[in-house]
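The values are calculated or read from the model by the stated rules, or taken from the named source; none is laboratory data. All values reported here derive from a predicted model rather than from experimental measurement. Every residue, glycine among them, receives a Cβ derived from its backbone with ideal geometry; neighbour counts consider all protein chains shown.
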Amino acid sequence: MTSPDRAALRCRRIGARLRSWPRAVEGVAAVEFALILPIMVTLFLGMSEVTLAVNIDRKLTLLSRSLADLSSRTRELTTTEMSNVFGAASAIMRPFDSPAPQMVVSSIGVTKSGSTYTGAVEWSCGRNLAARAQTETEAQFDAANLKVRAAGSAYAVPEGFKTDATKSFILVETLVPYTPVFGYVMTGTIRLRENTPWPVRDNDRVVGPSSCPA
């Protein structure tokens, strides 16, 4: 067979393959699976991460409300009682009790001047709070952590507590740093926060402990 004949035969074979291409089905399923596999894996991992974060956030909400309810039940909180209130956190957050949640319980006094209601911190205690690193600015630390509120510092009174009958309320702040297993590169550590203002029961205010528990 001469070279021109071989070239013509090769062209006819290529032409036949091209004409049969629209009817070819071998390997289509494998190609389609390879195309959608990354999307399916991403969706599965994303749903797992979101589900876990939502569950932790719900636990954090339950913790915040429980601490507020426990702190508002008495006329006075002793240091031991305050420590017991904080101690309930581990049981409430389980099985998401590691890392330990940051917690701050404060009493906010409410005063009225004309039609304006003003809140001021009467006392504040915290547990599991982080120390500010030397490399952090105050703003960076505040964005990432909770801290005990200074006595006398202002706090905006929520709408539901702007009544003449409200002399004070309990404020509970909680925070849990959540580090995604798969999405950390994109999101970094997410800090889940919950703030819960809570009415004082049967009293004008709750007298705080003489010293906050360690």
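Points to keep in mind about this one:
- Those residues of segment 120-145 which are among the charged types (D, E, K, R) and in contact (Cβ under 8 Å) with a residue 40 or more places away in the chain, in sequence order: Glu122, Arg127
- Taken over segment 159-176, the criterion of being within 16 Å of Thr74 (Cβ to Cβ) and either among the aromatic types (Phe, Trp, Tyr) or in contact (Cβ under 8 Å) with a residue 60 or more places away in the chain (or both) is satisfied by Ser168, Phe169, Ile170, Val172.
- Single residue of segment 94-119 satisfying the filter (surrounded by fewer than 21 Cβ atoms within 10 Å (Cβ to Cβ) and touching a residue at least 24 places away in the same chain (Cβ under 8 Å)) that is nearest to Ser211 (Cα to Cα): Gly109
Listed here are the residues, each with its yes/no results for (1) out of contact with any helix residue (DSSP H, G or I) (no Cβ under 7 Å at 6 or more places or on another chain); (2) surrounded by 14 or more Cβ atoms within 10 Å (Cβ to Cβ).
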| residue | (1), (2) |
| --- | --- |
| Ala133 | yes, no |
| Ala139 | yes, no |
| Asn145 | yes, yes |
| Thr189 | yes, no |
| Val206 | no, yes |
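- Flag for Val41 being at pLDDT 95 or above and surrounded by 10 or more Cβ atoms within 10 Å (Cβ to Cβ): no
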